[in-house]
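J.: Quick one: this structure, given as structure tokens, is what I'll be asking you about.
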Amino acid sequence: MILKDFMQNKRAALEQGGVQNPSLDIRTIVKARLDLSDADLITQSDLDISEDDQKQLEADIKDRLAGKPVSKILGAKEFWGLDFKVTEDTLSPRPETEILIQAVLDFVADREVSLVILDLGTGTGCIPVALLKELPKARAVAVDLSDRALVVAKENAAAHGVEERVEFITSDWFENLPDEIRFDIITSNPPYIPNPDLDSLPREVKNHDPILALDGGEEGLDPYKIIFRQLTHRLKEGGRAFFEAGQGQAESLVRLVDDSNATLEQVIPDYAGIDRVFEISCGDKRKKIEKGR
Ligand code: GLN
């Protein structure tokens, strides 16, 4: 079949099947499977697709119609301009999380500085890998409760040549980290979906992202509560923490930051105007503790 006709047919099929972004999805799938660029899709639109390729593409479209997201069909997702392997054991990286990466880079300013980053609940490892690519002298510790996610994160670190600068630790948040270790930067995109909302998530997310990566407890705040409790111990003097949060959580997070005695430096909205990234420091708390002694 000719590429152009195939794409037109399948775009229509996806649209009819209620898929949200049929054009983008068909392009992403075809480009990946046939190893074509955006330009190739135009200049090679009369390409005759081989029978084997067509079989593969038909299977992919079937999966997409059944609600599998493109990232899980291809086993890959682009994040920060880098390709990340994804599996059913990892959350597919989201564009919103790139705002967190940018916030860290804005804070660091000098890209040549040596610092140590901790990423909590690393999943695919997209956060530390993207940061280490930008910060050539930085090192990272990446923790996740899921060993299977860490296998994927390690592969991603190796694929992007930063594996020697990342330590992977299986841990329930800070639990398995040596007590004395402190970090310049702490990042996390923790599970923050309120438990009662899990059922109403799109099927692409509900059925294909691991529940461990989504479920944030009754109000979606459980991970923040655990993490904030230890933040002041775990950040070095002058260090910063960066968290991603979900829609409608800003007020609760501001309260949690206050309760933990940390300082909210800024809240950065995403493209949809949702308060998405929370930047937190602990300077005040430390001063208060020292004064109190
Ligand atoms: N840190 C990973 C990401 O941002 C995984 C997050 C998660 O599993 N909740 O994609």
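J.: Could you sort out which of LYS133/LYS225; LYS4/LYS85; LYS77/LYS225; LYS77/LYS236; LYS31/LYS55; LYS55/LYS77 sit more than 24 Å apart by Cα distance in this structure? Write out the running numbers ahead of the final one.
T.: Details: LYS133/LYS225 30 Å; LYS4/LYS85 28 Å; LYS77/LYS225 30 Å; LYS77/LYS236 33 Å; LYS31/LYS55 15 Å; LYS55/LYS77 22 Å.
Cα-Cα > 24 Å for LYS133/LYS225; LYS4/LYS85; LYS77/LYS225; LYS77/LYS236; rest within.
J.: What accessible surface, in Å², does a 1.4 Å probe find on ASP63, ignoring ligands, DNA and RNA and rounding to the nearest 10?
T.: For ASP63, solvent-accessible area is about 60 Å².
J.: Taking R0 as 25 Å, what FRET efficiency do you get between VAL254 and ASP106 from their Cβ-Cβ distance, rounded to the nearest 0.05?
T.: 0.75
J.: To continue, here is another question. Report, to one decimal in Å, the Kirkwood hydrodynamic radius for the chain based on all distinct Cα pairs.
T.: Working: mean 1/r = 0.0488 Å⁻¹.
Taking every pair of different Cα atoms in the chain, averaging 1/r and inverting gives 20.5 Å.
J.: Nearest 20 debye, what's the magnitude of the dipole of the range 1-76 about its Cα centre given +1 on Lys and Arg Cβ and -1 on Asp and Glu Cβ?
T.: With Lys and Arg at +1 and Asp and Glu at -1, about 400 debye.
J.: State the dimensionless ratio Rg/Rh of the range 159-260 (Rg: radius of gyration of Cα atoms; Rh: Kirkwood radius).
T.: 1.00
J.: Rounded to whole Hz and in sequence order, give me ³J(HN,Hα) for the range 62-79 from the Karplus expression 6.51 cos²θ - 1.76 cosθ + 1.60, θ = phi - 60°, writing x for Gly and Pro.
T.: Per-residue couplings from phi come out as 4, 4, 5, 5, 7, x, 7, x, 4, 4, 7, 5, 8, x, 8, 9, 7, 8 Hz.
J.: With the full set of protein chains in place, find how many percent of the accessible area of the chain is carbon and sulfur; take the probe as 1.4 Å.
T.: C and S fraction of accessible area: 46 percent.
J.: Report the one residue of VAL19, ILE99, PHE174 whose Cα lies farthest in the direction of the positive end of the charge dipole of the chain (charges on C-beta: Lys and Arg +1, Asp and Glu -1; origin at the Cα centre).
T.: Checked the options; the winner is PHE174.
J.: Label-point separation (nm) for THR87 and LEU201, each offset 7 Å from Cα along Cα-to-Cβ?
T.: Here the modelled spin labels are 1.9 nm apart.
J.: Which net charge results for the neighbourhood of GLU112, defined as the other residues with beta-carbon distances under 13 angstrom from its beta-carbon, given Lys and Arg at +1 and Asp and Glu at -1?
T.: Around GLU112, the surrounding residues sum to 0.
J.: Oh, and also: Between ALA32 and GLU134, what's the calculated FRET efficiency when r is the beta-carbon distance and R0 is 25 Å? Round to 0.05.
T.: So, using R0 = 25 Å, E works out to roughly 0.50.
J.: Where does the longest stretch of the chain lie that holds no GluC sites (Glu not before Pro) found in a DSSP loop with 10 or fewer other Cβ atoms within 10 Å?
T.: Counting only loop sites that pass the neighbour cut-off, the longest clear stretch is 1-111.
J.: Kindly give the semi-axes, whole Å and largest first, of the ellipsoid equivalent to the range 20-162, taking each as the square root of 5 times a Cα gyration tensor eigenvalue.
T.: Square roots of five times the eigenvalues give 33, 17, 13 Å.
The values are calculated or read from the model by the stated rules, or taken from the named source; none is laboratory data. Bear in mind that the values here come from a model prediction, so they are computed numbers and not experimental data. Note that we place each Cβ from the backbone using ideal geometry, even for glycine, and neighbour counts take in every protein chain shown. Remember, those area values only see protein heavy atoms, side chains included, never the ligands or the DNA or RNA. Shrake-Rupley method; radii C 1.70, N 1.55, O 1.52, S 1.80 Å.
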